[in-house]
1. Give me the pairs, please: first residue somewhere in the stretch B:29-43 and more than 15 Å from B:LEU62 (Cβ to Cβ), second residue anywhere and of a type in the set (Ser, Thr, Tyr) and near DNA strand D (Cβ under 9 Å from one of its atoms), beta-carbon distance under 8 Å, and either six or more positions apart or on two chains.
2. Considering each of B:ILE58, B:ILE69 in turn, give the residue that is over 28 Å from A:HIS30 (Cα atoms) and either within 9 Å of DNA strand D (Cβ to nearest atom) or in a helix (DSSP H, G or I) (or both).
3. Report whether or not A:TYR162 is in a helix (DSSP H, G or I), in contact (Cβ under 8 Å) with a residue 40 or more places away in the chain, closer than 23 Å to A:LEU62 by Cβ and of a type outside the set (Val, Ile, Thr).
4. Across the stretch B:119-141, what is the number of residues that are without any contact (Cβ under 8 Å) to a residue 24 or more places away in the chain, within 11 Å of chain A (Cβ to nearest Cβ) and closer than 21 Å to A:ALA187 by Cα?
5. Here are B:VAL23, B:VAL43, B:VAL48: which of them is modelled with pLDDT of 95 or more, assigned to a helix (DSSP H, G or I) and within 9 Å of DNA strand C (Cβ to nearest atom)?
6. For residues that are within 9 Å of DNA strand D (Cβ to nearest atom) and aromatic (Phe, Trp, Tyr), scanning just the stretch B:30-55, find the one that is surrounded by the fewest Cβ atoms within 10 Å (Cβ to Cβ).
7. Away from DNA strand C (no atom under 16 Å from the Cβ) and within 14 Å of chain B (Cβ to nearest Cβ) - does that describe any residue in the stretch A:53-72?
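The values are calculated or read from the model by the stated rules, or taken from the named source; none is laboratory data. All figures in this text were calculated on a predicted structure; none of them were measured in a lab. Here the Cβ positions follow ideal geometry from the backbone for every residue, glycine too, while neighbour counts run over all protein chains shown.
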Protein chains: 2
Amino acid sequence: MARANAVPAVDKRRLILDAAVRVFAGQGFHTCRVSDIADEAGVAYGLVYHYFDSKDQILDTLFLERWDILLRAIQEVDAQPIPAREKLYAITSFIVDSYRHDPDLMKVIIVEVTRAANTFGRTHLAHIREAYIGIAAIVESAQREGVFRGDITPDFAALAFYGAVEQVLTGWIFALLPTGELEYEQAKTHIVETICGGLDRTEQSALAAGRAD
Amino acid sequence: MARANAVPAVDKRRLILDAAVRVFAGQGFHTCRVSDIADEAGVAYGLVYHYFDSKDQILDTLFLERWDILLRAIQEVDAQPIPAREKLYAITSFIVDSYRHDPDLMKVIIVEVTRAANTFGRTHLAHIREAYIGIAAIVESAQREGVFRGDITPDFAALAFYGAVEQVLTGWIFALLPTGELEYEQAKTHIVETICGGLDRTEQSALAAGRAD
DNA sequence: TGACCGGTTGACTGACCAGTCAATCTGTCC
DNA sequence: GGACAGATTGACTGGTCAGTCAACCGGTCA
């Protein structure tokens, strides 16, 4: 009671953003109407345009909010004094946990932005690219240290790595791959194992497989 | 003059499909109008609806035509008595060469269908999935033979492999990666090397890198 | 010659929906 | 209490296009 003036009791802007996540995840950005978002948020149509300039801007906001967190996470991981493989594991872990924590939001970001190469993917290309660059930097130093092979360019390795991660998330989103706590944890290891260790049977992988056999 | 009746001199249907590829690649499916396709084909608006039921059906046709060729290629590759790594190389090679031969068509298929998870990607999910299944089958037999490690599920490996390939194509499409004859050939090797051999430095990879250093 | 038919034309319609705006409501401050 | 400001409402408008349709064209066949 003491004070509730400047800031409204409920942040309608946030309410709209959260509703948009559910609507975008459920129907897709292009299929839904702005009125669907307003209805889902329990708010009048016009209020959406009080807080946002356009339907596009809602998605832009959702994407940028989350992607900046990812970029910061990548930077922080890279700053740590740990082996490259562990850095890649930490990044994979962050992305997988993001999905576990808020599958709808990650679905929207991947399906409507990251993979939507012709619409929002193009708008945010520079931003998305920063993630690739961060990953490539990790690969590059590992190559300089002689831990990673030097014949595959860092840019290329970064794309392959990110592509694998995104495809697995897409697999979960569209039920091509089983989901669950165990699957999420295994996926982290398996993605890094595949990209770093490769599918070929080696002594270490034979050892690792031994536990499963 | 002898005969030109039943079949028209120029196949207008094909003309429209080819025009659609250029228009979709240039502006994107959702951005372009049906009249753009008609104009590009040098044909009246209504004729498009003589040959196709809807704008969607044009894209469906383009995708299915090409994807079936890919699926057949995967099957043929798998039938050959060669090591798994060579099979994966052959598939990668087929996809890369498809892009080299007709970048516009591959761009449309990837950007508008394969990666468009909420629209056409969903419609053709079962079809797209068949490619994953074909790749997973290759991985599975390699695991049974003890050539590939057994602790990563074939489904998972297939997604990671296909994800890497598609991401590299996307990299070319959006100029994130340099293009050219040399790059295409190197990409084939590097994708397979990354997924099968891994990024870690090993004796073989050190050997391969030796040539480049 | 004239009936017939598939191919071809492009003006038109009907539906849809993003974004606008004038009115109303709620709370604050003097 | 009354003036002011920001939040909130939802009916309405303007523009866009996918898809329709009636007419036309050119070749074939009886």
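1. So the pair list comes out as B:SER35/B:TYR45; B:ALA38/B:TYR45.
2. Numbers: B:ILE58 fails: over 28 Å from A:HIS30 (Cα atoms).
Going through B:ILE58, B:ILE69 in turn, just one is over 28 Å from A:HIS30 (Cα atoms) and either within 9 Å of DNA strand D (Cβ to nearest atom) or in a helix (DSSP H, G or I) (or both): B:ILE69.
3. Numbers: in a helix (DSSP H, G or I): yes; in contact (Cβ under 8 Å) with a residue 40 or more places away in the chain: no; closer than 23 Å to A:LEU62 by Cβ: yes; of a type outside the set (Val, Ile, Thr): yes.
Answer is no for this residue.
4. Total satisfying the criteria: 2.
5. Step by step, each of B:VAL23, B:VAL43, B:VAL48 is checked, and only B:VAL48 is modelled with pLDDT of 95 or more, assigned to a helix (DSSP H, G or I) and within 9 Å of DNA strand C (Cβ to nearest atom).
6. B:TYR45
7. no
So that you can scan it fast, the table gives a plain yes or no per residue for (1) polar (S, T, N, Q); (2) in contact with a Phe, Trp or Tyr (Cβ under 7 Å, 6 or more places away or on another chain):
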{"site": "B:ARG100", "(1), (2)": "no, yes"}
{"site": "B:ILE110", "(1), (2)": "no, no"}
{"site": "B:VAL113", "(1), (2)": "no, yes"}
{"site": "B:ASN118", "(1), (2)": "yes, no"}
{"site": "B:ILE128", "(1), (2)": "no, no"}
{"site": "B:ARG144", "(1), (2)": "no, no"}
{"site": "B:ILE152", "(1), (2)": "no, no"}
{"site": "B:GLU181", "(1), (2)": "no, no"}
{"site": "B:GLU185", "(1), (2)": "no, no"}
